[in-house]
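Participant: Take a look at the following structure, please.
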Amino acid sequence: MAHLWMVRAGGDNEIIDLVESKNAVAIGWSQMGDLSTLRTRQQFKDRYNDCFPEEKNQSRINLHTGQIYRFAREIKTDDYVLTYNQSSRKILIGKVIGGYRYSPQEIHENYPHVRQVEWLQSVSRDQFSEMARNSLGSSLRVFKMDEHLREVLTLLQGRQEIVEEELNPPFYEEVKSKADELISDKVSHLGPYEMQDLVAAVLRAIGYRAVSVKPGPDLGIDIEASPDPLGFEEPRIMVQVKHRTDKVIADEMRSFIGALHKGEHGMYVSSGGFTKDAVKEARMCSKNIRMIDREQFIGLLLEYYDHLEPEYKTLIPLRRIWVPVDQ
């Protein structure tokens with residue numbers, strides 16, 4: 001009977017485009033080399049200890065070796081697998097069609113442990129139940145999600161269900177990871193102009209004088225910011241905000257660059273991220289362009305949240321809490 005697994009696309013979602021285009025999932029711990037000759041959990045643990053002698057925390061050793069063991073030994077052909085695209089907020093649903101292989105050149109040299117997958121469907125994270133979304137927020141790289149298999153199969157027009165227990169990660173990492181995803185959900189549900197005003201508010205919290213341009217024809221500038229109230233001092237920052245799941249493409253980046261005048265810096269905030277060609281356009285131009293994706297914006301929001309104006313805190317209401325961590 002089939003099981004359901006989540007396999008993350010790198011620590012910072014950096015290999016999502018590669019795993020999607022190459023129909024595969026992959027994990028790191030590249031120092032461990034080829035795992036195909038290892039059979040037992042103890043063998044995996046011994047290899048891990050040999051490769052990471054500086055790691056002394058036994059709970060972390062067990063946590064990491066458990067994930068590696070599952071990827072290489074427990075995931076089976078015909079199991080279902082999920083991976084998350086943070087920029088588009090979509091979950092890829094696939095089916096495992098191959099065994100474990102060590103292939104450093106296939107996806108990325110830092111992610112050499114590979115399983116072949118047939119991607120079946122891409123589904124918005126919002127289509128999952130709240131309970132499933134909470135589970136998806138786990139900080140583990142590889143974990144079982146059998147309790148949500150029926151829900152996934154319903155999205156694929158139904159098959160069968162199995163339920164088993166899964167090891168929990170350390171409490172702080174679990175809470176933080178889930179909180180990050182829930183904050184991302186709240187940002188995603190903002191309207192375009194709410195997002196634009198929130199970006200301006202974050203810039204003011206940082207210390208700039210920032211004003212949203214009134215809605216109208218899209219001339220490439222949504223926010224004007226500068227260090228002084230009159231806008232004479234440098235750096236003068238022109239901001240465009242795209243709040244959508246699609247990535248900013250090269251033509252859009254060129255239009256934004258063309259709207260900047262001499263002495264102005266550009267800041268492009270895109271919830272959906274940027275295509276490679278758009279990034280290339282920004283890096284090749286003579287003007288100073290800063291690209292901010294969803295995760296980077298959320299990082300700025302959290303860093304300066306205490307200085308945010310009260311009316312904008314109501315858009316993303318957060319409360320600081322203290323949780324115990326392992327030392």
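Quick note: the coordinates plus some simple rules give every number you see, no bench work behind them. Owing to the predicted nature of the structure, the values given are computational and were not obtained by experimental measurement. Heads up, the Cβs are rebuilt from the backbone with ideal geometry, glycines too, and the neighbour counts pull from every protein chain shown.
Participant: Quote to one decimal, in nm, the extra length available between Ile206 and Met131 on full extension: 0.36 nm per residue of separation minus the C-alpha distance between them.
Facilitator: Stretched out fully, the Ile206 to Met131 stretch lengthens by 23.5 nm.
Participant: For the range 1-37 and the range 235-283, compute the distance between their C-alpha centroids and round to whole Å.
Facilitator: 31
Participant: Using θ = phi - 60° and the Karplus curve 6.51 cos²θ - 1.76 cosθ + 1.60, what whole-Hz ³J(HN,Hα) does each residue of the range 203-211 get, with Gly and Pro shown as x?
Facilitator: Residue by residue, the range 203-211 yields 4, 5, 5, 5, x, 8, 8, 10, 10 Hz.
Participant: What's the Cα-based Rg to Rh of the chain, Rh via Kirkwood? Write down the numbers at each step before the final one.
Facilitator: Details: Rg = 22.2 Å, Rh = 21.8 Å.
In the chain, Rg relative to Rh is 1.02.
Participant: Run the dipole for the chain about the Cα centre, Lys and Arg Cβ at +1, Asp and Glu Cβ at -1, nothing else charged, and hand back the magnitude in debye, nearest 20.
Facilitator: It comes to approximately 420 debye.
Participant: Treating the Cα atoms of the range 192-313 as identical point scatterers in vacuum, please give the log10 of the normalised Debye intensity I(q)/I(0) at q = 0.17, 0.23 Å⁻¹, two decimals.
Facilitator: So the normalised log intensities are -0.84, -1.49.
Participant: Pick from His108, His261, His307: which is most flexible by mean-square fluctuation in a GNM of the chain where alpha carbon atoms under 10 Å apart are linked?
Facilitator: Result: His261 has the largest fluctuation of those listed.
Participant: Given Lys90/Lys214; Lys144/Lys247; Lys56/Lys276; Lys90/Lys280; Lys186/Lys247; Lys280/Lys313, which pairs have Cα atoms separated by over 28 Å?
Facilitator: Lys90/Lys214; Lys144/Lys247; Lys56/Lys276; Lys280/Lys313
Participant: Tell me which residues come under 5 Å, amide H to amide H, from Val117 once H is placed; ignore anything under 5 positions away on its chain.
Facilitator: Ala24, Val25, Ile97
Participant: Here is a follow-up. Each residue of the range 50-57 in order: what ³J(HN,Hα) in whole Hz does its phi give by Karplus 6.51 cos²θ - 1.76 cosθ + 1.60, θ = phi - 60°, with x for Gly and Pro?
Facilitator: Result, rounded to whole Hz: 5, 7, 10, x, 6, 7, 10, 6.
Participant: Once fully extended, how much extra length lies between Thr40 and Asp78, figured as 0.36 nm per residue of separation less the alpha-carbon to alpha-carbon distance? Could the numbers behind the result be given before it?
Facilitator: Details: separation 38, 0.36 × 38 = 13.68 nm, distance 2.21 nm.
So the extension gain works out to 11.5 nm.
Participant: Under 8 Å for C-alpha pairs, at least 6 residues apart: give me the relative contact order for the range 1-117, rounded to a whole percent.
Facilitator: Normalised by residue count, the contact order of the range 1-117 is 36 percent.
Participant: Hey, got a sec? Which chymotrypsin sites (Phe, Trp or Tyr not before Pro) in the range 82-125 land in a DSSP loop and have at most 12 other Cβ atoms within 10 Å?
Facilitator: For chymotrypsin sites (Phe, Trp or Tyr not before Pro) across the range 82-125 that sit outside H, G, I, E and B with at most 12 neighbouring Cβ atoms in 10 Å, the list is empty.
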